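Engineer: Supplied in structure tokens, the structure appears directly below.
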Amino acid sequence: MRVICAIGQRGGPELVNRLSGIVGDKTECLLLHVIDTGPRHDLEEYLRGPLHRRPDHGEPPHEAALKAAEETAGRAAVEEAVIAAQHAGMQAEASVKEGRPEEIIVQTAKDARAELIVIWAGEGAAGHPHIGPASVGHTARFVIDHAPCDVLLLRGPL
Amino acid sequence: MLNVHVIAGISIFLVTLVVIMVRPSGVSEAAAAAGGAVLMLMGGYVRPAEAASLLLNNWNVYGFFLGMMAISALADQAGIFDMLAYRAGKWARGSGLRLFLALFAVGMTITAFLSNDATALILTPVVYALVTRLRLPVMPFVFACTFIADTASFFLPVSNPINILVLDAFGGGLATFLRYLLLPSLFCIGLNMAVFVWLFRRDIWACYSLSDLPEVELPNRQFFNFSSATLVLIAIAYLTAAATQFPISFVALGGSGLLFLGAAWYRCLDTTRLYREISWSLFLFITGLFIVVRAVENLGLTAAFGRELLQLAGYSPLKAILVTAGGTALGANLINNVPMALVMISVLGTIHASSSNRVLIYAAIIGADLGPNLTTVGSLATMLWLLILRRRGLEVSTREYFKLGVTVVPAMIVIGSLLIWLKL
């Protein structure tokens, strides 16, 4: 079975362990982490806004540091998931991509002809105030709506 | 009596404000203000000689703006902001909550001595990178930075250039400033912190591994030490200058000059970067606004506003304080806090300076400093909110963010006004 595991910044090993408990170890896993470039672009636009002191052209001084931080954090998130998959005896491959997570997850599932996408229900809701009942984060919701295959939605603390 | 001349003058003023607010087809705020000023000069609302003397009289404000921006940029080049964020990460020992509180304290300190812009524009990306590396949710920390930049803006006179604009017009030393604004400032910072900790409690409760904390790569350790010592000196000099009413621009320019020489001495000076990090258009913006607001003053409009304000307040000083703070906050949020502060300076300048009327200056400072946080429509420090709302769509959670400013900021303004009134 070909499965895409959407790995967020945290909770990768827990997701892999839960998956192996459900589908067993005869699974071919693509552990995918997508760096959400949205917040960084928002920040760039904010820093480039009128009347502030950021340069009109060229890279802002902290741009390289922001990119490096996202790449390092993404790699760390995927690496710990790979270790968990290996412990569970699963065949795992890691991938770190950039863009809008919901779109990249769906596109990767299409390209890889995945049979299942596994994602935390709360994915995409991190950093927002939790008001009202627990719901589905915006990334997970988009994936449910647009996935070309089945979606396994995991609940639990991230 | 209204005639064509007066109506045309009011129209130029209103169109200038609308263009600043809407920025149609990418017209910058500075171009809008400069355009308005040219029209006012051409229409004879301000005589060229009067405009020249107005600008010359405000040399302290220009000097402070320049020095303040240069100090922040050079401190950033020395790695001060990175080091402060790193120290906060170390101190928090893996607790997201402690890190959140520590970064609040860092933001408050930077705002207090280096101004709100330094926190909003330089500390925010540094915090973003740090929190990403620690794999904690970024948004609560970014919002905390942009918010505390405005909330801590009336802690000291140098915490926001708006304060210097107002104090330069009316005078008043550090003791008077602290007498009226220290308590409101501490209260607002405390309220801001408490509300954010409660709102983001689930996200900031997370832990992080200290091994994820990236070491800071300083460009030059000696320049860093030199800059740290110079910044302490600048902070002391700011307080002394504010206390003795010595021109604050001398401290800002002198401090930035010292940092500049230090950078050159330790071969860390990047003049291209320094030049790019100073917002030169800001000077055009203020210059244009000085002239536009003077024109409105010459038409007698701000004096009329002043009379309305006094009439509205009746004999109740509390009402006058609330109306001044609230009205300034609304204006600052709708247009921009610089023109709003200039209008209020002109309005308050026309009011007879009795002791109860003098405190209105401090009420205007609270309004102009906090106004941008009221909703996302306001000035630059909160524009991030609007961008995120647009990108994320109006989810329930983002609407809650929107509500946050609308509910917390009025509470800050009302209680801040009450605290000022109690000092009367």
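The values are calculated or read from the model by the stated rules, or taken from the named source; none is laboratory data. Here the structure is a predicted model, which is why all the values come from computation and not from measurement. Quick reminder, even Gly has a Cβ in these numbers, built from the backbone with ideal geometry, and neighbours come from all protein chains shown.
Engineer: Out of (1) within 28 Å of B:Val347 (Cβ to Cβ); (2) touching a helix residue (DSSP H, G or I) at 6+ places or on another chain (Cβ under 8 Å), the odd one out for B:Leu178 is which?
Structural biologist: If we test B:Leu178 against (1) within 28 Å of B:Val347 (Cβ to Cβ); (2) touching a helix residue (DSSP H, G or I) at 6+ places or on another chain (Cβ under 8 Å), just (2) comes out false.
Engineer: Looking at B:Arg202, B:Arg179, can you tell me which residue is part of a helix (DSSP H, G or I), in contact with a His (Cβ under 6 Å, 6 or more places away or on another chain) and on the phi < 0 side of the Ramachandran plot?
Structural biologist: Being part of a helix (DSSP H, G or I), in contact with a His (Cβ under 6 Å, 6 or more places away or on another chain) and on the phi < 0 side of the Ramachandran plot holds for just one of B:Arg202, B:Arg179, which is B:Arg202.
Engineer: Right, something else. Looking at A:Glu98, A:Glu79, which is the one that is modelled with pLDDT of 85 or more, within 14 Å of chain B (Cβ to nearest Cβ), in contact with a Gly (Cβ under 9 Å, 6 or more places away or on another chain) and outside any helix (DSSP H, G or I)?
Structural biologist: On inspection, the qualifying residue turns out to be A:Glu98.
Engineer: Okay, moving on. For the condition free of Cβ contacts under 8 Å to residues at least 12 places away in the same chain and not assigned by TED's automatic domain parsing to the domain that holds B:Ala37, what is the one hit in B:Ser346, B:Ser316?
Structural biologist: From the options B:Ser346, B:Ser316, the qualifying one is B:Ser316.
Engineer: Name every residue in the stretch B:181-205 that is within 13 Å of chain A (Cβ to nearest Cβ), more than 15 Å from B:Phe143 (Cα to Cα) and crowded, with 20+ Cβ neighbours inside 10 Å, in order of residue number.
Structural biologist: Once the filter is applied, which keeps residues that are within 13 Å of chain A (Cβ to nearest Cβ), more than 15 Å from B:Phe143 (Cα to Cα) and crowded, with 20+ Cβ neighbours inside 10 Å, the stretch B:181-205 yields nothing.
Engineer: Provide a single number: the residues in the stretch B:213-228 that are farther than 30 Å from B:Gly96 by Cβ and at pLDDT below 90.
Structural biologist: 0
Engineer: Regarding B:Ala120, is this residue in contact with a Cys (Cβ under 9 Å, 6 or more places away or on another chain) and facing chain A (nearest Cβ under 10 Å)?
Structural biologist: It is true that B:Ala120 is in contact with a Cys (Cβ under 9 Å, 6 or more places away or on another chain) and facing chain A (nearest Cβ under 10 Å).
Engineer: Across the stretch B:151-174, which residue is surrounded by the fewest Cβ atoms within 10 Å (Cβ to Cβ) among those that are of a type in the set (Gly, Ala, Ser) and modelled with pLDDT under 90?
Structural biologist: Here the answer is B:Gly171.
Engineer: Can I ask one more? I'd like to know if the stretch B:189-205 contains one or more residues that are closer than 30 Å to B:Thr407 by Cα and among the acidic types (Asp, Glu).
Structural biologist: yes
Engineer: I need the full set of residues from the stretch A:23-37 which are of a type in the set (Ser, Thr, Tyr) and under 22 Å from A:Thr72 (Cβ atoms), in order please.
Structural biologist: Selection gives A:Thr37 alone.
Engineer: What about B:Arg93, is it surrounded by fewer than 24 Cβ atoms within 10 Å (Cβ to Cβ), on the phi > 0 side of the Ramachandran plot and either at pLDDT 90 or above or in the same structural domain as B:Phe246 (by TED's automatic domain parsing) (or both)?
Structural biologist: yes
Engineer: Show the residue pairs that are 6+ apart or on different chains and have beta-carbon atoms under 7 Å apart, the first residue being within the stretch B:23-40 and within 14 Å of chain A (Cβ to nearest Cβ), the second being acidic (Asp, Glu).
Structural biologist: Between residues of the stretch B:23-40 that are within 14 Å of chain A (Cβ to nearest Cβ) and residues that are acidic (Asp, Glu), the close pairs are B:Arg23/B:Glu29.
Engineer: Sticking with this one: For A:Gly137, only one of the following conditions fails: (1) within 11 Å of chain B (Cβ to nearest Cβ); (2) modelled with pLDDT of 95 or more. What is its number?
Structural biologist: (2)
Engineer: Please note which helices (runs of 4 or more DSSP H) are completely contained in the stretch B:274-352 and include at least 2 residues that are buried (at least 24 other Cβ atoms within 10 Å of the Cβ).
Structural biologist: Fully inside the stretch B:274-352 and qualifying: B:281-298, B:317-334, B:337-349.
Engineer: Inside the stretch B:246-264, can you point out the residues that are within 21 Å of the chain's Cα centre (by Cα) and not in a helix (DSSP H, G or I)?
Structural biologist: Within the stretch B:246-264, just B:Pro247 meets the criteria.
Engineer: List every residue pair whose Cβ atoms sit under 8 Å apart, with the two residues 6 or more apart in sequence or on different chains, where the first one lies in the stretch B:100-121 and is farther than 14 Å from B:Tyr238 by Cα and at pLDDT below 95 and the second, anywhere, is assigned to a loop (DSSP other than H, G, I, E, B) and of a type in the set (Lys, Arg).
Structural biologist: Short answer, once both residue conditions are applied: B:Asp117/A:Arg53; B:Leu121/A:Arg53; B:Leu121/A:Arg54.
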